[in-house]
Amino acid sequence: MTYYVIKIAISAILIALISEVAKRSSFLGGLIASLPIISLLAFAWLYVDTRSVDKVASLSTSIFWLVLPSLSLFIALPLLLRKTENFYLSLGVSLGIMLLCYGAMVFVLKRFDVAL
């Protein structure tokens with residue numbers, strides 16, 4: 001149970017750190033957020049929990065393919081924010097676009113027999 005609490009605490013601290021840094025500098029906040037810190041932690045925790053390099057490799061491959069459609073959020077959100085100036089509407093539409101891109105990516109990967 002302590003291990004689980006530590007995992008949650010580290011994740012929460014990282015999110016809080018990024019939001020605090022971003023208040024002062026969007027560049028530094030973006031830099032920290034763009035680092036694959038969460039992925040690295042997930043790799044480490046998955047390996048510690050399972051001792052399986054195959055599971056870590058599979059997770060890494062899935063992350064690679066699923067990062068690509070997630071980029072649509074970072075393209076759509078600033079465009080919509082500038083156009084509408086409505087945060088919640090822009091975020092909702094951007095999330096919808098991202099989900100559609102995820103669906104499209106999964107569909108395309110299945111067509112090419114790429115398993116996630």
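The values are calculated or read from the model by the stated rules, or taken from the named source; none is laboratory data. Everything numeric in this text was worked out from a predicted model, so none of it was measured. Because the Cβ atoms are built from the backbone with ideal geometry, glycine has one as well, and the counts that use them run over all protein chains shown.
Looking only at segment 82-116, how many residues end up being in contact with a Ser or Thr (Cβ under 7 Å, 6 or more places away or on another chain) and over 25 Å from PRO36 (Cβ atoms)?
Residues that pass the stated criteria total 2.
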(Q) Please go through segment 80-91 and give me each residue that is loosely packed, with under 12 Cβ neighbours inside 10 Å and in a helix (DSSP H, G or I), ordered by number. (A) ARG82, LYS83, PHE87, TYR88
Q | Boolean, PHE43 is within 30 Å of ASP113 (Cβ to Cβ), aromatic (Phe, Trp, Tyr) and assigned to a helix (DSSP H, G or I) | A | yes
Q | Close pairs (9 angstrom Cβ cut-off, 6 or more residues apart or separate chains): more than 20 Å from ALA9 (Cβ to Cβ) in segment 41-61, among the aromatic types (Phe, Trp, Tyr) anywhere | A | VAL53/TYR47; LYS55/TYR47; VAL56/PHE43; VAL56/TYR47; LEU59/PHE43; SER60/PHE43
Q | Residue check for TYR3: closer than 30 Å to ALA115 by Cβ, of a type outside the set (D, E, K, R), loosely packed, with under 11 Cβ neighbours inside 10 Å and without any contact (Cβ under 8 Å) to a residue 40 or more places away in the chain | A | yes
Q. Hey, ALA76 hits all of (1) under 14 Å from the mean Cα position of the chain (by Cα); (2) surrounded by 13 or more Cβ atoms within 10 Å (Cβ to Cβ) but one; which does it fall short on?
A. (1)
**Q.** Selection within segment 24-40 - in a helix (DSSP H, G or I) and either farther than 19 Å from PHE74 by Cβ or among the small types (Gly, Ala, Ser) (or both)
**A.** ARG24, SER26, GLY29, GLY30, ALA33, SER34, SER39, LEU40
Q. Which numbered condition trips up TYR102, out of (1) surrounded by 12 or more Cβ atoms within 10 Å (Cβ to Cβ); (2) not in a helix (DSSP H, G or I)?
A. (2)
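Have a look at SER94, SER19 and point out the one that is in a helix (DSSP H, G or I) and surrounded by 13 or more Cβ atoms within 10 Å (Cβ to Cβ).
Residue meeting the stated conditions: SER94.
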Q: Please work out if SER62 is among the hydroxyl-bearing types (Ser, Thr, Tyr), in a helix (DSSP H, G or I), assigned by TED's automatic domain parsing to the domain that holds VAL114 and surrounded by 12 or more Cβ atoms within 10 Å (Cβ to Cβ).
A: yes
